[in-house]
Every structure is written in C-alpha cells, then in structure tokens.
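Here the structure comes first, spelled out in structure tokens, and everything after it is commentary.
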Amino acid sequence: MCTVGENGEGSGNRPQGPRVGLIMGSDSDWPTMEAAAEALAEFGVRFEVGVVSAHRTPQRMLDYAKEAAGRGLSVIIAGAGGAAHLPGMVASATPLPVIGVPVPLKYLDGMDSLLSIVQMPAGVPVATVSVGGARNAGLLAVRILAAADPGLRAQMERFQADLSDMVLAKDQALKQKLLGG
C-alpha cells in the first residue's frame, strides 16, 4: 500500500496514519479511482492506495478488510468493474463503512458493476456512488470523517458554500448573456 500525505488542515488531533483505504481490483481502475484520491487530498485527508483483487488475491483482500480498523482506517473506498465483488466482500469482513465505486469497462458501460455493488444482502451494506463516481466517493468519505472532526466539518461547509457561490455565479452569467444586461 502507498500512503498519501495530509496538508494539516482540520483538527489538530488527527491520527498520523492513513484514515481512508482506497483500493481497487486492478491498476487499470486507477484512471477512474484517481478522482477519489484527488478529493481526499483537497481536504488533507491521509489515505492509502493499493490493488486488492477479490478474485486473484482473495486472502489478501480478506486480510486487508479484517485489519483495516486496527490499522487506524475509518473508511474504505473500493472500486471494481465487471463482477465487482471487491466492495461487497470487503464490507463482509470489516466493521468499517465501505463505499463502492462501479468502474466502467468496455462492455455494459459499468451497469454490471453498479448492479453488482448495489445489490448487497441484508446486513452487508455498501454505500454505492454512480458509475465512475469516484470523486463523490472521496467526498462521501470526507463527510463520514467530518461527523467526528469539527475541523474537517468546517472544511466541508466551506466547500459546500463554494459550490453554492459557483452556481449563483453561473446563473448570473447566463442571465447576463441571454438578457444582455
């Protein structure tokens, strides 16, 4: 696993290790999953990145899931395409919240992945974002962490205010363009 740093914003009592595990079934999923990493980095959330295959390294996947909480992780983001068993299998082996990212592949545009991840049996929840929605997965992980971190919550509130300001500016620009004044 590769751990990515923290910019020091938010509360001063954050753990030193990664707080979020960002895993995927193959390195070919990285172009999609990179958006989650970018979202986490924007908020200064430390995370680790790795390839953990449900089908090719099942024991490694189970060990990762079982040991994640003990290593200080609070949330796991798992991206997978095709059969997309990684998020559900990880969720079955950890008490931590798991966010599933359906990775679009050449066939079916990720619908197979979406249906695989979202249709979990009772008792094994996986929060699922849109196909290719890794950025929202990163933002959801930040919100989960922010529930217990006032500094991170304040950052999220600023982010939301900035989104609102952006929409209002676009509204004004469109009106200016269409109405000419």
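What FRET efficiency would be calculated for the residue pair residue 108, residue 3, taking the C-beta separation as r and a Förster radius of 41 Å, to the nearest 0.05?
Computed FRET efficiency for residue 108 and residue 3 comes out at 0.75.
Just from its helices, what would the mean residue ellipticity at 222 nm be for the chain, if runs of 4 or more DSSP H residues each count -39500 (n - 2.57) and the sum is divided by every residue, rounded to the nearest 500 deg cm²/dmol?
Dividing the helical sum by the residues of the chain leaves -14500 deg cm²/dmol.
Just subtract the alpha-carbon distance of residue 51 and residue 143 from 0.36 nm times their residue separation and send over the number in nm, one decimal.
30.7 nm
I need the shape label for the chain. Rule: rounded when a/c is under 1.5, else prolate if a/b > b/c, else oblate, with a, b, c from the alpha carbon gyration tensor.
Oblate is the answer for the chain, as a/c is 1.5 or above yet b/c matches or exceeds a/b.
Output the peptides 27-38, 78-89 sorted from most to least packed, where packing is the average of other Cβ atoms within 10 Å over each peptide's residues.
Packing proxy ranking, top to bottom: 78-89, 27-38.
Using per-residue counts of other Cβ atoms within 10 Å, averaged over each peptide, order 127-134, 168-175, 53-60 from highest down.
Highest-to-lowest ranking by the protection proxy: 127-134, 53-60, 168-175.
In whole Å, what is the distance between the alpha-carbon centres of the range 130-148 and the range 34-61?
Each part's Cα centre sits 13 Å from the other's.
Bear in mind these aren't lab numbers, they're just calculated from the coordinates by the rules spelled out. A quick note: this is a predicted structure, and the numbers were derived from the prediction, not measured. All Cβ positions, glycine included, derive from the backbone under ideal geometry; neighbour counts span all protein chains shown.
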